[in-house]
C-alpha cells in the first residue's frame, strides 16, 4: 500500500492533520486499503452518491467525501454514530445517517458506490447480505468490500464464533462479534461474479506465521456492476 492520499478541496474546510489524529490504528489500515483501491476509479467516474452500509464512526465515509468533492453519503449502522463532524468540519449538508434496519429510506435508491467494510464477517448468511447490497448499486457503478481474510483472529476465539453462528439459527446473533473469523477473497467474489466484474480482488496472506500487513490479513474487492443485456 502507498498510504493515504487525500485531494485538497477548499470548500470542505478540513484539517488533514487533525483528521489523521482521529483515526484508530485499525481505521488507518482500512482507510489505506480504501485509498489505494479507489485510486483506480478516481478519474473514471465521479462519485456523486455513496452508501456506507455499516458505517461505524464514519472514517471511511469521511475519506470518500474528501476524495470526491461532489459526493453525498448515506451512512447506515446498527448503532449510528454522528461523529463525521469530528473528522471533517463544515460538511453537514454532505451526508445523512440512518439506523439499521432502515429499508424504507433506501427503497428504490441506487448509488455510484456502495461500501461494506468489516461488516460481512459479523453476518452468518453473508451471501444473502451481498445479494441485498447488489440492488443498491447502479449499473456500471461500484461495490467495495473489505473484511478480515479467512484466518483466525486473536480477538475472537473459534469457540465463540461457532457459538454466535449457532445462536443465529435461533435469531440471536450478536452483531458486535464475528460469525466468521473472516472471509476469503474467492468466497466473496464467487458470490458476486455473475453480477460484477473485478477491478480489485485481493487477499493478504500469512506466510511462515508472519502477517504480511500492518494490522491483520485483509480481503478487499472493488467490483464494477455489469450492464444487463436488454435481450436477456
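The values are calculated or read from the model by the stated rules, or taken from the named source; none is laboratory data. Given the structure is predicted, the values throughout are model-derived calculations rather than measurements. Cβ coordinates were reconstructed from backbone atoms using ideal geometry, including for glycine residues, and neighbour counts include every protein chain displayed.
Structure above, values below:
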| read-out | value |
| --- | --- |
| Members of region 115-125 that are in a helix (DSSP H, G or I) and touching a strand residue (DSSP E or B) at 6+ places or on another chain (Cβ under 8 Å) | 120, 121 |
| Inter-residue pairs, beta-carbon under 7 Å, first modelled with pLDDT under 85 and in region 71-90, second in a strand (DSSP E or B), 6+ apart | 80/97; 80/98; 80/99; 82/97; 84/95 |
| Of residues in region 19-38 being within 11 Å of residue 118 (Cβ to Cβ) and out of contact with any strand residue (DSSP E or B) (no Cβ under 8 Å at 6 or more places or on another chain), the one modelled with the lowest pLDDT | 26 |
| Test: residue in region 95-114 that is within 16 Å of residue 222 (Cα to Cα), part of a loop (DSSP other than H, G, I, E, B), more than 16 Å from the chain's Cα centre (by Cα) and without any contact (Cβ under 8 Å) to a residue 24 or more places away in the chain | no |
| Candidates 72, 98, filtered to the one that is touching a helix residue (DSSP H, G or I) at 6+ places or on another chain (Cβ under 8 Å) and over 25 Å from residue 39 (Cα atoms) | 98 |
| Out of 16, 4, sole residue that is modelled with pLDDT under 80 and more than 24 Å from residue 199 (Cβ to Cβ) | 16 |
| Residue 68 being over 11 Å from the mean Cα position of the chain (by Cα), surrounded by 18 or more Cβ atoms within 10 Å (Cβ to Cβ), over 17 Å from residue 221 (Cα atoms) and at pLDDT below 85 | no |
